[in-house]
Structures are given as structure tokens and as C-alpha cells.
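Quick notes on the structure that follows.
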Amino acid sequence: MRKAFNKVDKPLLILTIICLIFGVMMVGSASSLKAYMTFGDSYYYFKRQLLFIAIGLIASIIIIKTPIRKYKNIIYVVLAGVTAALIYVLVSGKISNGVTGWLFIGGFGIQPSEFAKTALILFFALTFERYMRIKNISNVQKVLPFIVPIVFIFLVFEQPDFGTMMILVGITVAIFFMVPYDKKTKFMMVLFTIISVLILALVMVISGKGLSDSQMSRFNFKDPCTRYRESTGYQVCNGYIAINSGGLFGSGYGNSKQKYLYLPEAHTDFIFAIIIEEMGLIVGIIMLLAYFIIIWRIIMIGKKSYNLQGSIICYGVAVYIALHIIVNLGGVLGVIPLTGVPLPFYSYGGSFMINLLICLALVQRVSVESKIFEQKHLVR
């Protein structure tokens with residue numbers, strides 16, 4: 001492990017640790033009242049978040065030590081498992097916040113759609129690395145890998161979890177454009193996708209099976225404070241109040257007023273608003289700067305990767321993290337519809353936290369393998 005650790009990207013590792021520590025502290029603060037009222041323990045969510053991080057770190061150690069090529073033997077098993085889990089939650093899953101996407105085992109909720117993101121990135125990386133060794137790839141072979149995200153996107157759409165669905169779409173599109181297909185092939189695939197989406201939309205309109213009223217209400221996101229007493233404006237408006245109350249330096253750690261049941265999702269979707277209220281706008285800006293550096297480091301690791309496989313993993317993870325930040329903050333700030341997507345490192349949640357750490361571990365493994373390759377190349 002020591003040899004692998006010496007080759008990980010230190011700036012990314014240090015920032016990850018700092019964000020995890022600060023994030024679990026803020027979860028403890030934002031969730032304290034709800035935890036006490038619901039479970040009689042102010043540290044309930046704090047302790048569970050620590051457990052999730054511990055599980056994620058243990059998984060990370062294993063991943064950093066494991067060569068990426070070994071995943072080609074199990075990737076299809078992983079895809080089958082994720083697909084089966086997504087189908088199961090549609091049939092028998094528990095409903096949480098209007099989404100049928102949860103499995104509950106022993107008091108812990110598991111969200112299969114979170115792990116679908118990592119499975120998809122790893123599948124693309126292994127598949128296109130293999131494709132690059134094939135001289136003549138048929139058009140059918142070029143299209144086949146994109147059936148997997150279509151299946152995932154459809155199953156997540158049916159939950160319906162639009163935030164996760166859009167992130168899966170974003171990851172797929174980003175990787176599609178970085179794969180070295182010829183321009184004609186990419187044009188035909190894009191045209192086919194557009195036509196398919198238009199046909200699907202037409203079928204939904206004709207059949208009358210469109211979005212429900214509750215789903216359509218998500219698009220009513222502008223001027224939330226004019227609808228303070230309505231579900232479409234209550235949360236976002238209280239988020240505004242929290243951010244405005246924080247000012248430059250905040251009210252102090254643990255001193256948020258909006259977490260006193262004004263923000264029902266204070267420790268999950270709206271954790272950023274609580275952070276600004278308690279720690280101030282300056283800390284919020286530092287958070288955004290840290291995000292920028294993390295994503296930049298991931299992209300640099302991908303750029304330096306000696307093979308396409310490593311580049312796809314890094315770029316896929318960078319897009320994954322960036323989209324979570326954009327969708328979460330966009331919803332909290334009322335710029336886009338609120339979809340309930342977690343904020344990386346800070347939002348409470350087991351599936352997301354574990355999956356995020358797995359993704360970062362895969363990036364670190366790419367860094368390790370690139371440095372090993374570089375050392376061997378220099379010796380020769």
C-alpha cells in the first residue's frame with residue numbers, strides 16, 4: 001500500500017480529506033435538531049455520516065491497490081447487479097421524497113442509481129480501451145456500449161429521479177464526445193439520438209402519459225419567495241433567507257436558525273445554505289475554489305494518463321462531480337429546478353458518499369498506474 005500511496009495525487013488527496021472533515025462537521029451542525037427530535041440523539045446523522053465515510057475509505061484503499069484491468073472480469077456482473085437493483089426498486093422499492101429509488105436493509109437506505117454512475121464510467125473506460133485495440137470496428141459495435149446508459153437513464157426516469165437522470169445523461173454525452181470515433185459516426189449517432197428523443201416525446205404527448213402535476217411543478221422555480229406558503233417556493237425561499245443571514249462571516253458554527261425545521265432538508269439538499277448562514281459567504285467562496293481545484297486536478301490526471309481507459313475514468317468522474325455541484329447549487333439558488341441532488345462532500349447520504357469516494361479512488365488509481373508506467377518507460 002505504501003508504494004501505491006507514494007504515487008497518488010497528493011493535492012487531490014489533501015483537499016479530499018479537508019472537504020470530508022469540514023463536510024461531516026457541517027452535517028453534524030445542520031442535522032442536530034432534526035436528529036434529536038426524531039431519534040433523541042443530536043449526533044445521529046453525524047455518526048452515520050462518519051460510518052459512511054469510513055466504509056468509503058476502506059473501499060478506496062482496496063481500489064487504489066487494485067489494477068484497473070482486473071475490473072474487466074467483473075464489470076458485466078456489476079452492470080447486471082445495478083440493473084437488477086434499479087428494476088427491483090421500481091417494483092418494490094421504498095418511496096422517499098417522491099422517488100421510488102431506495103432499498104432499505106437493516107435500517108440503511110441504498111440508492112442503486114448512485115452506483116449506476118460509477119458503473120457506467122468504468123464500463124465505458126474498459127470497453128473503449130478494448131475497442132482501441134480493434135482495427136475494424138463495425139457501426140453496430142460502436143453503438144452497443146451506449147445501450148447501457150439508455151437502460152440506466154430509462155429506469156432512473158421511471159423512479160422518477162430527474163436530477164440523477166440528467167447526471168447520467170451528462171456523463172454519457174461527455175464520454176461520447178471524447179471517444180475517438182470519426183466525425184461521420186458521431187454525427188449519425190447524435191442524429192439518431194435526437195430523432196429518438198423527438199419520437200419518444202411525441203408518443204408521450206399522443207398517449208397522454210406525460211409528466212405528472214407534481215413533476216411539472218418543479219419547473220415553477222423562479223421567484224420562490226412569492227410562493228413561500230407553497231411547496232414550490234418554501235424550501236428555496238428559506239434557503240435564500242439562510243444565505244442572506246450569513247453575510248460575509250456567518251453567524252458562527254452551530255448558530256443557524258433556518259435549520260430549526262424551516263429547511264426540511266437542511267443536512268442534505270440545502271447544506272450549502274446552512275454553511276453560508278453559519279460560516280459566511282467567504283467560506284462559501286473557498287468551497288467553490290476547492291471544488292475548482294479538485295476538478296482541475298482530476299482533469300490533469302486524466303490528461304497525463306498513458307491510455308484512454310484512465311482518461312475516460314478521470315473525465316467521467318470530473319463531469320460527475322461538476323454536474324452534482326451545478327445541479328445542487330443551481331436548485332438551491334433558484335437558477336434551475338430543484339431536483340434533490342446531493343452536494344459533493346457535504347450533503348448527508350450513504351450511497352452518494354461511498355460512491356463519491358469510490359470514484360475519487362479510481363482517479364487516484366489512474367494516477368498510480370500512470371506514474372508506474374512513466375517509471376518503467378524512464379528505466380527503459
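The values are calculated or read from the model by the stated rules, or taken from the named source; none is laboratory data. Because the structure is a prediction, the values reported are computed rather than measured. Every residue, glycine among them, receives a Cβ derived from its backbone with ideal geometry; neighbour counts consider all protein chains shown. For the accessible areas, the whole protein counts, side chains as well, though only heavy atoms, and no ligand, DNA or RNA atoms are used. Shrake-Rupley method; radii C 1.70, N 1.55, O 1.52, S 1.80 Å.
Can you divide the C-alpha Rg of the chain by 2.2 N^0.38 Å and report the result to two decimal places?
Values: Rg = 21.5 Å, N = 380, 2.2 N^0.38 = 21.0 Å.
The reported ratio for this selection is 1.02.
Ordered by 1.4 Å accessible area with all protein chains kept, M279, M188 run largest first as M188, M279. The mean of 1/r over all distinct Cα pairs in the range 327-372, once inverted, gives the Kirkwood hydrodynamic radius of 12.3 Å.
L248 to L191: extension gain in nm, 0.36 nm per residue of separation minus the Cα-Cα distance?
Numbers: separation 57, 0.36 × 57 = 20.52 nm, distance 4.82 nm.
Contour length minus Cα-Cα distance gives 15.7 nm.
Which value results when the Cα radius of gyration for the range 288-380 is divided by 2.2 N^0.38 Å?
1.26
Here are some pairs, K72/K142; K70/K186; K135/K183; K65/K142; which of them have Cα atoms lying more than 23 Å apart in this structure? The pairs that break the limit, which is 23 Å between Cα atoms, are K70/K186; K65/K142. Report in % the part of the accessible area of the range 277-380 that belongs to carbon and sulfur, leaving out ligands and nucleic acids; probe 1.4 Å. So the carbon and sulfur contribution to the accessible surface is 72 percent.
Residues in the range 1-87 average 55 Å² of solvent-accessible surface per residue, probe 1.4 Å, ligands and nucleic acids excluded. Note on the chain: GNM, Cα springs under 10 Å; of I326, I312, I134, the largest mean-square fluctuation is that of I134.
What helices does the chain hold that run 27 Å or longer along their axis, going by alpha-carbon atoms, with a Kyte-Doolittle average of 1.0 or more, using DSSP H for the helix calls?
Working: long enough: 10-39 (41 Å, 1.58); 44-65 (32 Å, 1.48); 112-131 (28 Å, 0.60); 183-207 (36 Å, 1.94); 281-304 (35 Å, 2.05); 308-332 (36 Å, 1.66); 350-379 (43 Å, 0.84).
Taking the DSSP H segments of the chain (at least 27 Å long, mean hydropathy at least 1.0), we get 10-39, 44-65, 183-207, 281-304, 308-332.
Shape summary of the range 5-52, radius of gyration then Dmax from alpha carbon positions: 14.2, 46 Å. At each listed q (0.13, 0.15, 0.18, 0.25 Å⁻¹), what is the log10 of I(q)/I(0) that the Debye formula gives for the range 151-204 modelled as equal alpha-carbon point scatterers? Treating every Cα as an identical point scatterer, log10 I(q)/I(0) equals -0.39, -0.52, -0.72, -1.08.
What percentage of the solvent-accessible surface of the range 1-71, computed with a 1.4 Å probe over protein heavy atoms, is contributed by carbon and sulfur atoms?
71 percent
Skip the ligands, DNA and RNA, and give the accessible area per residue of the range 130-198 with a 1.4 Å probe, whole Å². The partial results should precede the final answer.
Working: 4110 Å² over 69 residues.
Using a 1.4 Å probe on heavy atoms only, each residue of the range 130-198 averages 60 Å².
Label separation (K65 vs F104): 3.6 nm, computed from points 7 Å beyond Cα along the C-beta direction.
So if we plug the beta-carbon distance of K257 and I285 into 1/(1 + (r/R0)^6) with R0 = 22 Å, what FRET efficiency do we get, rounded to 0.05? In this case the efficiency is close to 0.50.
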